[in-house]
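The values are calculated or read from the model by the stated rules, or taken from the named source; none is laboratory data. Owing to the predicted nature of the structure, the values given are computational and were not obtained by experimental measurement. Please note: Cβ atoms are built from the backbone with ideal geometry, for glycine as well, and neighbour counts cover all protein chains shown.
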Amino acid sequence: MLSYLKEKISGSSSKMITYAEFIEEALYHPEWGYYMKEGVKVGRKGDFITTSNISDIYGRLIAKWFLQQKKELGLPSAVCELGAGNGRFAAAFIDEWDKNSEESLAYFIVETSPYHRQLQKELLGSRIQQVESIENLKPFDGFIFSNELFDAFPVHVVECHHEQLFEVMITMVDDQLVEKKVSLNNVEIEQFIEKSGLTLRNNQRIEIPLAMERMIRSLTDAVGRGWFVTVDYGYRDTEWNEAIHCKGSLRGYYKHEQFNDVLKHVGEMDITSHVHFDSLIRMGEENRLEFVRIQRQDEFFLSIGILEELENHADPNPFSEVSRRNRSIKSLIMPSGMSTYFHVVIQKKGI
């Protein structure tokens, strides 16, 4: 991967590439990209964990909630999951759906990773339909769900020094990837900052998710009537302006260890950044997506009845399956749990 990037950088007219180009190659190169290669990514044997993989209660609860929403909104029994990973959420969702509904469910997965597509086939077989992109489903009506999708999108990196904006680029020095700051000369980035109302302080660094808007545009073009649920970690615009976030949020995760320098372990490490939630909402509205609400994930679970799952499965035996399930439920709503770091954004179109 390093030699490939060296060739790509040396072949460019400026002898530099943007952070967005670097992340795109590091994560999604067909042969050497982190997500495209064989190997466990999620779980104890991987590099990171997700809340949807802690327990099947996550997928089962969302399935029950969508069944209720489907009836109220008059949506068809169709789900499109964007980036389904190992398929555990889909398996739990489909199992719970089959228990509670006589209607057959059309479950589509949009997945770029060949490794994850294979895991999904092994786990779910004919219960799902895999497609290469959301455009392949056009026109789609139903439930569109993603968990930790946008945080893995390529981002540009910008810094402010002495009231001047610079884009942080990637170049090579002595066969090593290094950063290089150049005066900002990207109209799309300038427009994003202006629309967000962000005012960068001196020495502040921030990620600019231009790829997020392209994805939102593709989604809204492909969906006629839809209920969009996006689960991810991120900040509102007021939070981005807080001093605690002045170094940005770009991070790498390798064998459950966090790296602030994402130029290490290229192709072997997950790269992530926090989502701009207000921009996600704004971009949706600019592309015919109506904002419904945003909630912290633990508060969302409480609002859709997770405590009923806990009450209905009381068991004094701490080693029973029911007790393990209860502990999983508690982990999703405890103030010290992972859910407090995630938010659920709900949007709709044509409803």
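Overview of values
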item: Segment 76-114, residues that are more than 17 Å from Leu149 (Cβ to Cβ) and touching a residue at least 60 places away in the same chain (Cβ under 8 Å); result: Pro76, Ser77, Ala78, Pro114
item: Helices (runs of 4 or more DSSP H) wholly inside segment 1-77 that include at least 2 residues being aliphatic (A, V, I, L, M) and at pLDDT below 90; result: none
item: Residue pairs meeting the criteria (Cβ under 7 Å; at least 6 apart or on separate chains; first crowded, with 19+ Cβ neighbours inside 10 Å, in segment 136-155; second β-branched (Val, Ile, Thr) and part of a loop (DSSP other than H, G, I, E, B)); result: Asn147/Thr50; Glu148/Thr50
item: Within segment 64-88, considering residues that are under 19 Å from the mean Cα position of the chain (by Cα) and under 21 Å from Lys348 (Cβ atoms), the one surrounded by the fewest Cβ atoms within 10 Å (Cβ to Cβ); result: Gly83
item: Residues that are surrounded by fewer than 19 Cβ atoms within 10 Å (Cβ to Cβ), in contact (Cβ under 8 Å) with a residue 40 or more places away in the chain and among the small types (Gly, Ala, Ser), drawn from segment 268-312; result: Gly305
item: Residue, surrounded by the fewest Cβ atoms within 10 Å (Cβ to Cβ), within segment 172-231, restricted to residues that are more than 30 Å from Ser10 (Cβ to Cβ) and hydroxyl-bearing (Ser, Thr, Tyr); result: Thr199
